[in-house]
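Structure first, commentary second.
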Amino acid sequence: MKKDKSKVSAPKYMSYRLVLREKTEAHTKDIGENVFFNNLDSDYRVFLFYYAGVLPNEELEDKLRDLGEITGKNLFVNIGKLNDPNFGLMVSRFGITQYPVIIMTAVDELASIKEGDFPSAFVRIDSKNLIDSAELTVKSVERIFSLFLTGQIAQAIEKSRQDNRNALITRIRGLVADALKQVAKYLSDKDISISLFEGKFEIKKSGGGE
């Protein structure tokens, strides 16, 4: 029997939404909100978005669902489709150009820094060298999940807050590359993409409550 294709991490009763807060115009303090997901639990910290494209990889999808079950409310795993309502937002915010692809990021305090409008970090995995192996991909995802959850990504950003964007990305890339080498010696930062987006993910009450 095939596993349920729904979002694996979502609890039965939920009243929160995942919101991306971002500047609407350069050099202004106006903030726009895009709702990425409704009906979430308030405890989710790290987010994984997977899009298979036209050729599904059931082994990888099943392993990602298993990971979502193991990590509970710490990790929200979404097995998405190309016709999802928010897919266009995903493509534009995370620079998706090829499939299959995995995007990982986290709430504001784990993917950015608390003060100001500092950009948030995300990891994109679309390397054929890595993603063709479901086992290696999930092991790599576990490492990256740990980097976000334990605050190591945020710490790297804090240490680089006076540097330019390239220096910041280089610091995070080195952190992730070291983690990947613990999975397989031949994996490197070339198998993942580290980038920044201008905004922060927040979990907010549905219905506009704060």
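Accessible area per residue for the range 115-196 in Å², computed with a 1.4 Å probe and the full protein assembly in place, what is it?
49
Taking a 1.4 Å probe, which of 205, 81, 200 shows the most accessible area, and what order do the others take after it?
The ranking, largest first, comes out as 81, 205, 200.
Using a 1.4 angstrom probe and counting only protein chains, how large is the accessible area of residue 43 in Å², to 10?
Accessible area of residue 43: about 70 Å².
Might you work out the accessible area of residue 71 for me, using a 1.4 Å probe with all protein chains in place, and round it to the nearest 10 Å²?
Per-residue accessible area (residue 71): approximately 20 Å².
Could you go through the range 121-127 in sequence order and give the Karplus-derived ³J(HN,Hα) for each residue, using 6.51 cos²θ - 1.76 cosθ + 1.60 with θ = phi - 60°, rounded to whole Hz, and x for Gly and Pro?
Computed from phi, the couplings for the range 121-127 are 9, 9, 10, 10, 10, 9, 6 Hz.
Could you compute the net charge surrounding residue 128? Neighbours are other residues with a C-beta less than 12 Å from the C-beta of residue 128; K and R count +1, D and E count -1.
Here the count lands on -2.
On the full set of protein chains, 1.4 Å probe, figure out the accessible area of residue 109 and give it in Å² to the nearest 10.
Here the residue's solvent-accessible area equals roughly 60 Å².
Can you give the charge dipole size of the range 43-153 about its Cα centre, rounded to the nearest 20 debye, using +1 on the beta carbon of Lys and Arg and -1 on the beta carbon of Asp and Glu?
180
The values are calculated or read from the model by the stated rules, or taken from the named source; none is laboratory data. Remember, predicted model here, so these are calculated numbers, not experimental data. Ideal geometry is used to build each Cβ from the backbone, glycine not excepted, and the neighbour counts take in all protein chains shown. Areas reflect the complete protein model, heavy atoms only, side chains present, ligands, DNA and RNA absent. Shrake-Rupley method; radii C 1.70, N 1.55, O 1.52, S 1.80 Å.
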